[in-house]
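The values are calculated or read from the model by the stated rules, or taken from the named source; none is laboratory data. Fair warning: this is a prediction, and the values are worked out from it, not measured in the lab. Quick reminder, even Gly has a Cβ in these numbers, built from the backbone with ideal geometry, and neighbours come from all protein chains shown.
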């Protein structure tokens with residue numbers, strides 16, 4: 001049985017699952033679906049065509065399903081889909097998609113979104129991500145599973161961040177981040193591999209050594225990047241993580257690749 005505070009406003013048409021708790025002064029729109037056992041603390045606004053998966057916890061003043069911050073939006077019935085088990089802290093914002101961007105913003109399961117973080121329109125966010133305070137995604141970003149996004153950092157629209165990458169705090173992302181990458185800086189550069197995260201995902205010492213060798217050859221060997229990329233392609237068969245990184249690079253389109261500091265690449269990345 002759901003528990004709804006008498007000051008909350010639930011519009012006709014909203015679907016509220018079993019065991020949901022809706023706190024004081026929450027506002028739920030007519031096209032919203034809230035999964036079982038969700039807890040909305042107070043002053044939460046959920047609007048648009050938004051689905052909140054089961055077991056989510058949403059804290060005060062979060063705004064989910066609001067109109068995209070896009071000048072071309074004309075109130076089309078686009079959607080926001082949030083997976084189960086997410087923790088959405090104070091004043092987090094997540095917007096519905098746009099027609100030109102595919103019409104859907106998607107957030108995976110078990111994400112932890114700290115205060116004031118933002119997921120822009122048409123973003124695709126994976127499972128088990130952590131967004132620290134005020135981490136911000138522009139529209140159309142793609143974020144892999146187990147990504148850690150540091151506080152006060154921001155990603156330009158259309159940026160891709162591969163699985164298990166770590167973004168340092170106060171970083172500005174203009175380019176794609178390889179899976180397992182570690183980046184930081186005002187104009188973020190690749191600084192290495194997210195070894196801590198890889199160990200948490202049970203990478204063996206041997207696997208870490210292989211991926212590190214690949215990384216050094218690709219990003220820090222002499223010569224131009226295109227030649228180094230061609231040279232390391234045979235290593236794809238050595239480890240699934242290497243194959244994943246190469247596939248990620250090959251799939252790039254909208255944004256350049258976030259590069260490491262390398263003198264031979266300076267003209268390519270500046």
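Some points to look at:
- Unmet criterion (only one of (1) surrounded by 12 or more Cβ atoms within 10 Å (Cβ to Cβ); (2) over 28 Å from the mean Cα position of the chain (by Cα)) for residue 234: (1)
- Selected residue (criterion: farthest from residue 32 (Cα to Cα)) from residues of the range 96-105 that are free of Cβ contacts under 8 Å to residues at least 40 places away in the same chain and surrounded by 18 or more Cβ atoms within 10 Å (Cβ to Cβ): 101
- Filtering the range 120-144 to residues that are more than 8 Å from the chain's Cα centre (by Cα), on the phi < 0 side of the Ramachandran plot and not in a strand (DSSP E or B) leaves 120, 121, 127, 132, 133, 135, 138, 139.
- Among the residues of the range 243-253, those that are touching a residue at least 40 places away in the same chain (Cβ under 8 Å) and surrounded by 14 or more Cβ atoms within 10 Å (Cβ to Cβ) comprise 244, 245, 248, 249.
- The set of residues in the range 23-50 that are on the phi > 0 side of the Ramachandran plot and buried (at least 21 other Cβ atoms within 10 Å of the Cβ) contains only 48.
- Residues of the range 193-214 satisfying the condition of being over 17 Å from residue 243 (Cα atoms) and buried (at least 17 other Cβ atoms within 10 Å of the Cβ): 197
- Candidates 109, 100 - the one that is within 15 Å of the chain's Cα centre (by Cα) and in the same structural domain as residue 31 (by TED's automatic domain parsing): 109
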